[in-house]
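Enquirer: The structure under discussion is supplied below as structure tokens; questions concerning it will follow.
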Amino acid sequence: RPTTLCETMGKAEIWLIRTYWDLEFPRPYLPNFEFVGGLHCKPAKPLPKEMEEIVQSSDEHGVVVFSMGSMVKNLTEEKANIIASALAQIPQKVLWGYGGKNPATLGNNTHLYDWIPQNDLLGHPKTKAFITHGGTNGIYEAIYHGIPMVGVPMFADQPDNIAHMKAKGAAVEVDLNTMTSYKENAMRLSRIHHDQPVKPLDRAVFWIEFVMRHKGAKHLRPAAHNLTWVQYHSLDVIGFLLACVATSIILVTKCCLFSSQKFGKTGRKKKRD
């Protein structure tokens, strides 16, 4: 039968939330919410030979990984030139996932690729920082490998993700040469992420199979999904309380008027006597 997105979402037995307490702030959550942020993360694999040679040639400066995600393949010529000019001034080698035209200001230290093995680069010991748009996948891969971030958020959840990382001291839009304290904070978040009793992917699999085994998990779903919008927002309770208050005010007002009229007549009568 026809249904709505809200109705369909309200019938969900288990919600797998793609964040974890290394990114989130403490807040209340429902019993059918399970946090599985980082479930896609995995140890780094060896890089392709050509890319490994570039990374190893960076000496003690290391490399910076730059990716704006799969949705942003291109930039305006002006913005690309500004970014390339800034990257050319840092001592690190830069591996930039970029599918647009080569910027005119591209430095010798910057290498462009249509696609980069982002997780494998972030897990490389020579990677010093990650310039990211702030997507959940990239954020968690950086947390998983303990890499500090320079956030360039654009839309959707990206500004919020970068704001969380900035608040936790693991990301900021600053000069890449001043990243020492951010590296320490990024490593601290990485230790929190790895110190879990069960891996996020295993936890996600368990809860999916849990729902399948028990043909649902209605005992975990909040009763709020069965309430009308009037009940959910407690409008019936608020209406009842307002009615009580209004009734009390009316009764008190009438009593005061009655007393005033009664004692007023008595006083005038005594005055005439």
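The values are calculated or read from the model by the stated rules, or taken from the named source; none is laboratory data. Every value quoted in this text rests on a predicted model; they were computed, and no experiment measured them. Positions of Cβ are backbone-derived with ideal geometry, glycine not excepted, and every protein chain shown enters the neighbour counts.
Enquirer: Could you go through the stretch 156-170 and let me know if any residue there is modelled with pLDDT under 90 and either aromatic (Phe, Trp, Tyr) or touching a Pro at 6+ places or on another chain (Cβ under 6 Å) (or both).
Expert: yes
Enquirer: Still on this model: Answer with yes or no whether Ser85 is free of Cβ contacts under 8 Å to residues at least 24 places away in the same chain and either in contact with a His (Cβ under 8 Å, 6 or more places away or on another chain) or in a loop (DSSP other than H, G, I, E, B) (or both).
Expert: Numbers: free of Cβ contacts under 8 Å to residues at least 24 places away in the same chain: yes; either in contact with a His (Cβ under 8 Å, 6 or more places away or on another chain) or in a loop (DSSP other than H, G, I, E, B) (or both): no.
Answer is no for this residue.
Enquirer: Still on this structure: Looking at Pro43, Pro125, which is the one that is part of a loop (DSSP other than H, G, I, E, B), more than 30 Å from Leu220 (Cβ to Cβ), not small (Gly, Ala, Ser) and not assigned by TED's automatic domain parsing to the domain that holds Ala163?
Expert: Pro43
Enquirer: If we scan the stretch 193-215, do we find a residue that is small (Gly, Ala, Ser), out of contact with any Ser or Thr (no Cβ under 6 Å at 6 or more places or on another chain), over 26 Å from Tyr140 (Cα atoms) and surrounded by 10 or more Cβ atoms within 10 Å (Cβ to Cβ)?
Expert: No, that holds for no residue.
Enquirer: Now for a separate question. Can you name the condition, by its number, that Gly99 falls short on among (1) under 28 Å from Pro26 (Cβ atoms); (2) touching an Asp or Glu at 6+ places or on another chain (Cβ under 6 Å)?
Expert: Result: Gly99 fails condition (1) only.
Enquirer: Please find, within the stretch 174-195, the residue that is modelled with the highest pLDDT out of those that are under 15 Å from Val65 (Cα atoms) and in a loop (DSSP other than H, G, I, E, B).
Expert: By that ranking, first place goes to Met179.
Enquirer: Here is a further query. Here is a list: Leu30, Leu47, Leu23. Which entry is surrounded by 14 or more Cβ atoms within 10 Å (Cβ to Cβ), under 30 Å from Ile208 (Cβ atoms) and among the hydrophobic types (A, V, I, L, M, F, W, C)?
Expert: Details: Leu30 fails: surrounded by 14 or more Cβ atoms within 10 Å (Cβ to Cβ); Leu47 fails: under 30 Å from Ile208 (Cβ atoms).
Only one candidate passes the filter, namely Leu23.
Enquirer: Can you find a residue in the stretch 92-113 that is at pLDDT below 95, in contact with a strand residue (DSSP E or B) (Cβ under 6 Å, 6 or more places away or on another chain), among the aromatic types (Phe, Trp, Tyr) and not in a strand (DSSP E or B)?
Expert: Yes, there is a match, as at least one residue in the stretch 92-113 is at pLDDT below 95, in contact with a strand residue (DSSP E or B) (Cβ under 6 Å, 6 or more places away or on another chain), among the aromatic types (Phe, Trp, Tyr) and not in a strand (DSSP E or B).
Enquirer: Considering only the stretch 60-68, I want to know if a residue exists there that is of a type outside the set (Ser, Thr, Tyr) and assigned to a helix (DSSP H, G or I). Talk me through it step by step, then tell me what you get.
Expert: If we filter the stretch 60-68 for residues that are of a type outside the set (Ser, Thr, Tyr), which is where we start, we get 60-66, 68.
When the remaining residues are screened for being assigned to a helix (DSSP H, G or I), the result is 60-61.
Within the stretch 60-68, one or more residues are of a type outside the set (Ser, Thr, Tyr) and assigned to a helix (DSSP H, G or I).
Enquirer: Can you say whether Ala80 is closer than 27 Å to His193 by Cα, among the small types (Gly, Ala, Ser) and buried (at least 17 other Cβ atoms within 10 Å of the Cβ), as far as the supplied structure shows?
Expert: Details: closer than 27 Å to His193 by Cα: no; among the small types (Gly, Ala, Ser): yes; buried (at least 17 other Cβ atoms within 10 Å of the Cβ): yes.
So Ala80 fails the test.
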